[in-house]
Structure formats: structure tokens, C-alpha cells
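So the structure is just underneath, and the comments pick up after that.
The values are calculated or read from the model by the stated rules, or taken from the named source; none is laboratory data. Just so you know, these numbers come straight off a predicted model, no measurement behind them. Cβ sites come from the backbone with ideal geometry, for glycine too, and all protein chains shown count toward neighbours. Heads up: the accessible areas ignore ligands, DNA and RNA and are worked out on the full protein's heavy atoms, side chains in. Shrake-Rupley method; radii C 1.70, N 1.55, O 1.52, S 1.80 Å.
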Amino acid sequence: MSEEILNLSLIQLDALKEIGNVGAGNSATALSQLINRKIDMTVPQIAIMPLGDVPDVVGGPEAMVVGVFLRVYGPAPSSILFLLPRESAFSLVDMLMGREQGYTTSLDSMDESALMEIGNILAGAYLNALSHFTKLTLLPSIPALAMDMAGAILNVVLVQLGEMGDHALVIETEFATENDGVKGHFFLIPDPGSLNTILAAIGVKE
Amino acid sequence: MSELIKVGMADYKTGRFPSSLISYGLGSCVGIALYDGVTKIGGLSHIMLPDSTQARSADNPAKFANTALPIMLDEMIKMGALRSRITAKIAGGAQMFTFANATDIMRVGQRNAEAVRLLLKKMDIKIIADDTGGNYGRTVELKLDTGIYLVRTIDKGEKEL
């Protein structure tokens, strides 16, 4: 079976990028309000890449990251993954908890819970925009968190795509706070089949 | 030349002493190391899914346990390894995220490990070390001089299998 994502037109890619842009913009605003800091955001990257290359986006399969993972339910099931380098996650927790920068060096259950809540809020903001755009009702699951190697965490998402093909469509945005160097990557990875639903909903299905 | 040969996700590589084979950041994937201690020929397979017959696209045989292992074994035998001497060590198959209502896809690590065990038994290859399960990632390295299978983790240290 041919992989549908390898045959996307430029218009379709642009439309997806715009969705990513609005969704991530919403998320960045939410995050900015939450930690009371300015957030810079990159223009979303739409990449269609071999599954094995996805970990390179965040610094290679062995990079130490914290991942908050949510499933998206509704007519276009997808996965959302918010990945932060470990140090950024610590820094973010310090901001949220009103602690001095550098205080956190490991995550206790309270910190994990705070990061999951961030994932929740970011995903909610993102999906709101996406739902508005597509008129599809998209709901996030409760979040789950893991701190480990990027490759291992990405496995979870990529396995589902692996059932269908050898490439992933990744809509990815990088966030950074202005001064504190907190960085994060936000991934939306539609399940196989969901992409068509999304494209149809925004009227760019061929 | 001593060389560290990288094995990506959904890929396999074979090699002989003095090279080593390494695969980074396995989560639910399983790393299967096959080794013939006399010729010092080995293979490392990094599979994502248990079974190609249940997948809708099976273009890449290295992605599935049932298709990757026979190919890798053949390649090792062509290089001069003796089938009856080849043993297996396996690692990986973790469940990285815990959800209250874990669906099948969430338990893919466990399914992968079970499928690999069953398959190796069918192929009549003895598993002499097994480090699967848990909720953490692993980097695995097969040292082709000794057949030692090195499993590296972030929080659980390093293990020689």
C-alpha cells in the first residue's frame, strides 16, 4: 500500500502548516500566561520523515528528555507529544512553583503532576484551535509523563505509524522562553487515516 | 578495523569482530542480538512490531520480528556463522507511559517481547539472556569480541548480559 503522506500537495502541506501555526500560537499564549513570561515560537515545521529519523529532531535517540504524551480522541485520532530537554523541564517546574532557577534537579510526583498539567493545557489550547478550524470535535486524553531517552519515548508514538508505513508526518513547533532558555518541542502526529479526515474537513482534500 | 556499527529503529545490521553493533534509545522496541562465539559473527535487530501479517504495510521487513530475524540469520550464515552455534540475547520491550486503561498499542512492548521469544523458540535459537519489560528506555550494544550484550539505561545503570 502506498503511503498517503508521501503524496501530499503543496497546498495541503501549507494548510497543515497553518493549522500547526494557529494551534501552537494558542498553546504558546497559554504557556506564556501560565509562567508569566514571553514565549518565542518558531514557524511550525511540517516534515515527512522516515520513522527512524524522528528522534534527531530533538537531539538524537539518546538525548535525555521529559515527554508528556496525550492521545487525541474524536474523528481524527492523533498523538500529541510535548518534549522538553531535561534541564528545560526542571527550569519550567521552578517557574511554575515559584522557586529559584536551578532548584529542581529531579522530578518528584508534584513536579510531574505540574508538567502533566502544562501538557494538558497546551494540548487543550492546540486542539481548540484545530477543532475550530476543522469543525471536528477533538478531545485530549489524560496526560502521561515519562523522563527518559528521546528515542524510547518517541517509540510509543511511532509504533502506531509503523503499522501503516515507514514515514511520519510531524507537525512540530519549538517554544522558547525569552531569557531563561526553556525549550520545548510540540508534536502533533496524526494516526494513519486521520490526516485525510483533517484535510477533508478544511477543504483541501483532492 | 574496529568499528561501532549503528542500527536504527526498524533496521538490522550484521558484523564480525572487531566491530560492535549498537542501537540507541529502545522503548517498546526490542533489540535482538544473535551471536556465534566461534566465528565472532553477530547481528543486531531493532524491531518495532511483532508481526508483519497483522500490519497494513509490510514494506520494510526489518520492522517486524517475524520477518527481520530470518533475514538477519541468513545473512550471518552467509558470512560464515554456524547456525547451531548461534544464541540470542534480547532487551527492550518497555512500556514507557502508563495509562489507566492501557490499550493494546500501549502494551506493544510486552507483545513485542513475547513475539520475539516465541519466534526464537520456533527457529530453535536459544535465548541465553533476557532483559525486557519495565518502563524505561535502553541503549544496547553487542560486543562482537565476547558476545557481551551491554544494556545501558538512564536510571537503572548499565548491565552486561
Worksheet item: Just a yes or no: is a residue in the stretch A:92-105 within 18 Å of the chain's Cα centre (by Cα), away from chain B (no Cβ under 12 Å) and either open to solvent by less than 50 Å² (accessible area, probe 1.4 Å) or of a type in the set (Ser, Thr, Tyr) (or both)?
Response: yes
Discussion item. Within the stretch B:20-37, take every residue that is surrounded by fewer than 24 Cβ atoms within 10 Å (Cβ to Cβ) and farther than 26 Å from residue A:150 by Cα and give me the one that is farthest from the chain's Cα centre (by Cα).
Written reply: B:37
Worksheet item: Taking residue A:171, is it more than 14 Å from chain B (Cβ to nearest Cβ), at pLDDT below 90 and closer than 24 Å to residue A:195 by Cβ?
Response: yes
Item to complete: Could you please let me know if residue A:31 is within 14 Å of chain B (Cβ to nearest Cβ), among the hydrophobic types (A, V, I, L, M, F, W, C), within 19 Å of residue A:143 (Cα to Cα) and out of contact with any Pro (no Cβ under 9 Å at 6 or more places or on another chain)?
Response: no
Practice prompt. State all residues of the stretch B:38-49 that are buried (at least 24 other Cβ atoms within 10 Å of the Cβ) and of a type in the set (S, T, N, Q); if no residue qualifies, say none.
Written response: B:45
Discussion item. Being open to solvent by less than 70 Å² (accessible area, probe 1.4 Å) and within 14 Å of chain B (Cβ to nearest Cβ) narrows it down to one residue among A:51, A:84; which is it?
Written reply: A:51
Worksheet item: Out of (1) touching an Asp or Glu at 6+ places or on another chain (Cβ under 8 Å); (2) at pLDDT 90 or above; (3) closer than 18 Å to residue B:11 by Cα, the odd one out for residue B:48 is which?
Response: (1)
Item to complete: Could you please find all residues in the stretch B:50-67 being within 9 Å of chain A (Cβ to nearest Cβ), open to solvent by 10 Å² or more (accessible area, probe 1.4 Å) and assigned to a helix (DSSP H, G or I)?
Response: B:54
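Listed here are the residues, each with its yes/no results for (1) within 14 Å of chain B (Cβ to nearest Cβ); (2) surrounded by fewer than 19 Cβ atoms within 10 Å (Cβ to Cβ); (3) touching a strand residue (DSSP E or B) at 6+ places or on another chain (Cβ under 6 Å).
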position	(1), (2), (3)
A:117	no, yes, no
A:130	no, no, no
A:135	no, yes, no
A:140	yes, no, yes
A:147	yes, no, yes
A:181	no, yes, no
A:184	no, no, yes
A:200	no, yes, no
Item to complete: Determine whether the stretch B:123-138 contains at least one residue that is in a strand (DSSP E or B) and over 12 Å from the mean Cα position of the chain (by Cα).
Response: yes
Item to complete: Kindly provide the set of residues from the stretch B:88-109 that are surrounded by fewer than 18 Cβ atoms within 10 Å (Cβ to Cβ), more than 9 Å from chain A (Cβ to nearest Cβ) and either part of a helix (DSSP H, G or I) or modelled with pLDDT of 95 or more (or both), ordered by number.
Response: B:104, B:107
Worksheet entry | In the stretch B:5-29, the residues that are within 13 Å of chain A (Cβ to nearest Cβ) and part of a strand (DSSP E or B) | B:6, B:11, B:12, B:13, B:22, B:23, B:24, B:25, B:26
Response to the item:
Among the residues of the stretch A:78-97, the number that are in contact (Cβ under 8 Å) with a residue 12 or more places away in the chain and in a helix (DSSP H, G or I) is 10
Item to complete: Show the residue pairs that are 6+ apart or on different chains and have beta-carbon atoms under 6 Å apart, the first residue being within the stretch B:144-156 and within 11 Å of chain A (Cβ to nearest Cβ), the second being at pLDDT below 95 and assigned to a strand (DSSP E or B).
Response: B:152/B:158; B:154/A:148
